[in-house]
Amino acid sequence: MRSASNTKFGFTKLLVDDLEASAAFYKSVCGLVETGRVDAAIAGRKIREILFAPSHDGGATLVLLKFLEAPKPTNDEVILGFMTDDIEAFVERAKASGGAVAQPAYTAADLGLKVAFVTDVEGHLIEVVQPL
């Protein structure tokens, strides 16, 4: 059996209902840069995707995905994680861009972090951490 050591985590696909509103949120709040759009199918289901560049060397790609002929997806199946050096500014950008505060920033001294939870424009949960 071959080793999995050559396997790397490469991307996360977040199911959304409104691609444009979601893309605008992640661009303005997280500074993500769009790299492309795809119209394709997965197992016969038509999709549309917006791809974003990794935010740092070796980082994973975020892909917003909409199943074109499906009802609105639920928003509680994944928690995205972002690291920042200014958690308060991140939270304020999220609120200004149509998101909400799910849990205000608090200090987790035992982890050496400040942590907050916000939601995006569709209610997806985002954990934001700032190293102390």
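Nothing in this text is a laboratory measurement; each read-out follows from the coordinates by a stated rule. Computed from a predicted model, the values in this text were never measured in an experiment. A quick note on method: Cβ atoms are made from the backbone with ideal geometry, for glycine too, and the neighbour counts reach across all protein chains shown.
Considering only residues that are more than 30 Å from K66 (Cβ to Cβ) and surrounded by 18 or more Cβ atoms within 10 Å (Cβ to Cβ), look in the range 113-132 and name the one that is farthest from the chain's Cα centre (by Cα).
The selected residue is K114.
Would you pick out the residues in the range 1-46 that are surrounded by 15 or more Cβ atoms within 10 Å (Cβ to Cβ) and not in a helix (DSSP H, G or I)?
Passing the criteria: K13, L14, L15, V16, D17, L32.
Look through the range 58-80, keep the residues that are assigned to a loop (DSSP other than H, G, I, E, B) and over 17 Å from the mean Cα position of the chain (by Cα), and return whichever of them is farthest from F117 (Cα to Cα).
Looking at residues that are assigned to a loop (DSSP other than H, G, I, E, B) and over 17 Å from the mean Cα position of the chain (by Cα), I get E69.
Restricting attention to the range 81-112, and to residues there that are part of a strand (DSSP E or B) and in contact with a helix residue (DSSP H, G or I) (Cβ under 9 Å, 6 or more places away or on another chain), which single residue is surrounded by the most Cβ atoms within 10 Å (Cβ to Cβ)?
Across the range 81-112, the extreme among qualifying residues is F82.
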